[in-house]
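Asks: To start, I am sharing the structure in question, which I have written as structure tokens.
Read the figures in this text as sums done on the coordinates, not as results from a lab. Just so it is clear, the model here is predicted, and its values are computed rather than measured. All Cβ positions, even for glycine, are placed from backbone atoms using ideal geometry, and neighbour counts span all protein chains on display.
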Amino acid sequence: MSTAGLALTIAGMAGVTFGVRFALFALGERVRFTPRLRRALGYVPVAVLTAITVPLVLLPDGRHWDLGWRNPWLAGTLASALLSLRTRGLLPAIGVGMLVYLGWRWLLGTPA
């Protein structure tokens, strides 16, 4: 992709994001969500994060499934998930996940 095409893509994504958020802020209190819709919207951040991270973890090269012990993404994710379930601490879970990921890559001799 050319530099101009990349800049246009980024500008388009920024415009769409701004437009959606601005519309909700501009309408303010005039829009009322039903309790069911409000509860459903609470799951959006988790769904988006899952949609971004799961393919990266399970398909590290973008084409082939890797559920083996040599996958540093999977090792870091599992360590992070286990710690967050046990302690409910977000920052320690992120830190431990990154340390396990980087340590796994170092042990396997995988280039950065």
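Asks: Identify, among 23, 75, 91, the residue whose Cα sits farthest towards the positive end of the charge dipole of the chain, taking +1 on the Cβ of Lys and Arg and -1 on the Cβ of Asp and Glu, with the dipole about the Cα centre.
Replies: Of the candidates, 23 comes out farthest on the positive side.
Asks: Any idea what angle helix 3-27 forms with the longest principal axis of the chain, computed on alpha-carbon atoms, 0 to 90 degrees, nearest 10?
Replies: 50
Asks: Which of the chymotrypsin sites (Phe, Trp or Tyr not before Pro) found in region 63-112 are in a DSSP loop and have at most 11 neighbouring Cβ atoms, other than their own, within 10 Å?
Replies: Taking region 63-112 and a limit of 11 other Cβ atoms within 10 Å, the loop chymotrypsin sites (Phe, Trp or Tyr not before Pro) found are 65, 69.
Asks: Determine the calculated [θ] at 222 nm for the chain from helices alone, applying -39500 (n - 2.57) to every DSSP H run no shorter than 4 residues and normalising by the residue count; nearest 500 deg cm²/dmol.
Replies: Working: 5 runs with 82 residues, N = 112.
Computed ellipticity for the chain at 222 nm equals -24500 deg cm²/dmol.
Asks: To continue, here is another question. With a cap of 11 neighbouring Cβ atoms within 10 Å, and only residues DSSP puts in a loop, list the chymotrypsin sites (Phe, Trp or Tyr not before Pro) found in region 1-50.
Replies: When the chymotrypsin sites (Phe, Trp or Tyr not before Pro) of region 1-50 are filtered for loop state and at most 11 Cβ neighbours within 10 Å, 33, 43 remain.
Asks: P(r) tail for the chain, what percent of Cα pairs lie past 25 Å?
Replies: 49
Asks: Sticking with this structure for a sec: Over the chain, what relative contact order in percent results from Cα pairs under 8 Å that are six or more residues apart?
Replies: 15
Asks: Longest exposed-loop-site-free stretch of the chain, with trypsin sites (Lys or Arg not before Pro), DSSP loop and at most 13 other Cβ within 10 Å?
Replies: My reading of the result: 1-31 is the longest stretch.
Asks: Treating only the Cβ of Lys, Arg, Asp and Glu as charged (+1, +1, -1, -1), what charge dipole size does the chain show about its Cα centre? Round to the nearest 20 debye.
Replies: Numbers: 11 positive and 3 negative charges, 103 e Å.
Around 500 debye, computed over the chain.
Asks: Quick one: 3J(HN,Hα) in Hz for region 40-46, Karplus 6.51/-1.76/1.60 with θ = phi - 60°, rounded, Gly and Pro as x.
Replies: Along region 40-46, the couplings run 5, 5, x, 8, 4, x, 5 Hz.
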